[in-house]
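The values are calculated or read from the model by the stated rules, or taken from the named source; none is laboratory data. Here the structure is a predicted model, which is why all the values come from computation and not from measurement. Every residue, glycine among them, receives a Cβ derived from its backbone with ideal geometry; neighbour counts consider all protein chains shown.
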Amino acid sequence: SGTSTGANRVDLCRSVALRGILGRNPAKIALARDALSPVFPYVTEGDGLYADGSFVQHTWIAYSGTYGQVMLDGLGRLFTLLAGSAWEVTDPARQIVLDSVERAYAALIHDGLVMDVVNGRAISRGHLQGDDLHVMRGDHFHGRQLVAAVAVLAGGASDAERKRWHARIKGWIERDTVTPILTAPEFRAADLARLHAIADAPGEAAPEPAGHHLFAAMDRAVHRRPAFTAGLAMASDRIAHYECGNGENPRGWHTGAGMLTWWANGTRSDQYTDWFWPTVDWYRLPG
């Protein structure tokens, strides 16, 4: 019940658009396209993208890395699917989504991973029952998904945006030595072909830039220096300390109470990937 928002709205629009195409129903395709427009503008409370780069889902949860990735990927696929047709997404507010790649997402990706400070209850997943591929669903998994989503969205970006994003993607691909993106088993042929094309294209790979990023609306901060990168998870009357649900993350009580994650630049970035969450003392988190 209620009105869908953020990533959930985009998921519904994808389903309706495909139903319209397969059922040869132009009205459904138009409905799916038009129902995307409420997702585009910046929000000042609740679910969606904020002007400071924050992304919130479920009203109180910092979720750029999982629900935010789902939204970005879904929009990129819909923009591409409908491009050049009578149902092309032409709402000028879609530029906010394109801007979010560098404003909202890039700072949260480090050497191909996406920081767990924005992965919500997904931090506890690990290996899923029934996953024949036995893929570890950790920070590098979520990072690969987000990098692939940026690659999809680049198809609908301007030439200048695409050039910058491809340079970032090349850098993330080169620096991820934990679970190489170009051989990731969870990707299908189209995603792998797209990522290989970007990696093989001429052009420099972009380094991780130094700087400070405060995502005030979701109580998160990222600090990058030449020697290290750090992410800080906080909470307030706007943002919850943690989320649990569907049997996931039942002990995440203090993950938003000032927990600090830290990586030394130029080293293997797997200290939170290699079974960190199942073995950590949930009462003694760093920070």
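Side notes on the structure shown:
- Residue check for THR80: under 16 Å from ALA7 (Cα atoms) and out of contact with any Pro (no Cβ under 6 Å at 6 or more places or on another chain): no
- Given (1) touching a residue at least 12 places away in the same chain (Cβ under 8 Å); (2) over 17 Å from the mean Cα position of the chain (by Cα); (3) within 15 Å of GLY120 (Cβ to Cβ), number of the condition HIS212 does not satisfy: (3)
- Qualifying residue in segment 84-92 (condition: free of Cβ contacts under 8 Å to residues at least 60 places away in the same chain, crowded, with 17+ Cβ neighbours inside 10 Å and among the polar types (S, T, N, Q)): no
- Failed criterion for ARG168 (all others in (1) within 30 Å of TRP282 (Cα to Cα); (2) among the basic types (Lys, Arg); (3) out of contact with any Pro (no Cβ under 9 Å at 6 or more places or on another chain) hold): (1)
- Test: residue in segment 9-32 that is among the basic types (Lys, Arg), more than 20 Å from the chain's Cα centre (by Cα), part of a helix (DSSP H, G or I) and surrounded by 22 or more Cβ atoms within 10 Å (Cβ to Cβ): no
- Matching residues, segment 33-92, being in a loop (DSSP other than H, G, I, E, B) and among the small types (Gly, Ala, Ser): ALA35, GLY46, ALA51, GLY53, SER54, SER64, GLY65, ALA83, GLY84, SER85, ALA86
Residue-wise test of (1) under 28 Å from ALA93 (Cβ atoms); (2) more than 19 Å from the chain's Cα centre (by Cα).
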residue	(1), (2)
ALA154	yes, no
ASP159	yes, yes
TRP165	yes, no
GLY171	no, no
ILE181	no, no
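- Criterion applied to ALA216, ALA257, ALA227 was being surrounded by fewer than 19 Cβ atoms within 10 Å (Cβ to Cβ), within 27 Å of GLU174 (Cα to Cα) and at pLDDT 95 or above, and the one residue passing it is ALA227.
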